[in-house]
Amino acid sequence: MTEAPVQKGTRIYEKVVEKLKNEISAGSLLPGDPLPSERQLMETFSVSRSSLREAFRVMELLGLIESIPGKGRFVRHPRAISEDKSTMQLEDSAILELMEARRILDPAIIAESAMRATPSDLTRILRNITYTERALSSPDERARVDFEFHLLLAEATHNFVFINLTRMNFDLISATHERIYKLLDDKDAFLNEHREIYEAVLDHDVEKAREAASRHIDRIYRTLHRGIAAGR
């Protein structure tokens with residue numbers, strides 16, 4: 001690996017994740033390869049052990065690396081995308097697996113928010129949608145308001161587990177957001193589906209909220225899958 005000191009910042013581990021992803025994308029680290037030792041990576045990136053281990057945690061959750069007890073951490077093999085068993089890029093494989101998990105989690109969280117949302121919760125969600133209307137042209141802003149929207153819905157459940165699950169999911173999305181929002185160019189659908197979810201939560205209609213969330217995440221999953229399969 002080349003020397004690549006990481007800039008100091010409030011979330012140093014994100015920069016470590018990005019550096020390691022670049023090593024994998026460039027072929028410096030191949031599927032099945034062991035990662036260098038913690039001491040070597042700490043010296044290479046000029047980071048603390050705690051920042052490095054936080055980066056490992058995110059990369060394991062994202063499916064980019066795996067930890068084998070007694071042996072170390074290894075670059076994960078990507079799964080197959082189609083019946084011919086050809087493999088996709090490791091990052092794309094992780095994106096699809098994350099979205100598969102969200103197809104289960106999001107409808108449950110949003111249904112719970114429809115049951116428990118307070119007037120204050122609803123005001124904050126509506127404010128987010130109003131801002132989203134002005135943020136669609138920037139992928140970075142779309143990523144930010146998307147995270148805020150789903151976090152506000154999780155907070156409306158008043159359940160700390162749902163809140164932390166949502167934070168974790170979007171920590172993983174933030175590591176690949178440039179790829180995700182490049183493939184998701186359907187800006188009007190993005191906004192309209194957020195509005196539908198909000199209206200269902202506003203009405204405290206649990207089933208309508210669950211169905212709107214399912215349609216939203218299913219469309220995102222299909223769009224990403226088609227884009228990845230087409231090599232976009």
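Before moving on, here are some points about what is shown:
- Taking Cα atoms only, the orientation of helix 160-175 departs from the longest principal axis of the chain by about 50 degrees.
- Computed from Cα atoms, the angle from the helix 139-155 axis to the main principal axis of the chain rounds to 60 degrees.
- Relative contact order of the range 90-229, defined on C-alpha pairs under 8 angstrom at six or more residues apart (%): 41 percent
- For the range 150-232, the dipole from Cβ point charges (+1 on Lys and Arg, -1 on Asp and Glu) about the Cα centre works out to 460 debye, to the nearest 20.
- Note on the chain: Cα Rg divided by 2.2 N^0.38 Å, N the number of residues, gives 1.09.
- The percentage of C-alpha pairs in the range 12-75 whose separation is greater than 16 Å is 39%.
- Over the chain, dividing the summed -39,500 (n - 2.57) contributions of all DSSP H runs of at least 4 residues by the number of residues returns a 222 nm mean residue ellipticity of -22500 deg cm²/dmol.
- With a simple spin-label model that places each label point 7 Å from the Cα along the Cα-to-Cβ direction, the separation between Val161 and Asn192 comes to 3.6 nm.
- When the range 12-75 is described by a simple charge dipole with +1 on each Lys and Arg Cβ and -1 on each Asp and Glu Cβ, the residue from Leu30, Ser48, Ile65 located farthest towards its positive end is Ser48.
- What you get for the chain, charging only the Cβ of Lys and Arg (+1) and of Asp and Glu (-1), is a dipole of about 520 debye around the Cα centre.
- Axis angle, to the nearest 10 degrees, between helix 187-202 and the longest C-alpha principal axis of the chain: 60 degrees.
Only the coordinates and a few stated rules stand behind these numbers; no lab work does. Because the structure is a prediction, the values reported are computed rather than measured. In this analysis, Cβ positions are derived from the backbone assuming ideal geometry, glycine residues included, and neighbour counts consider all displayed protein chains.
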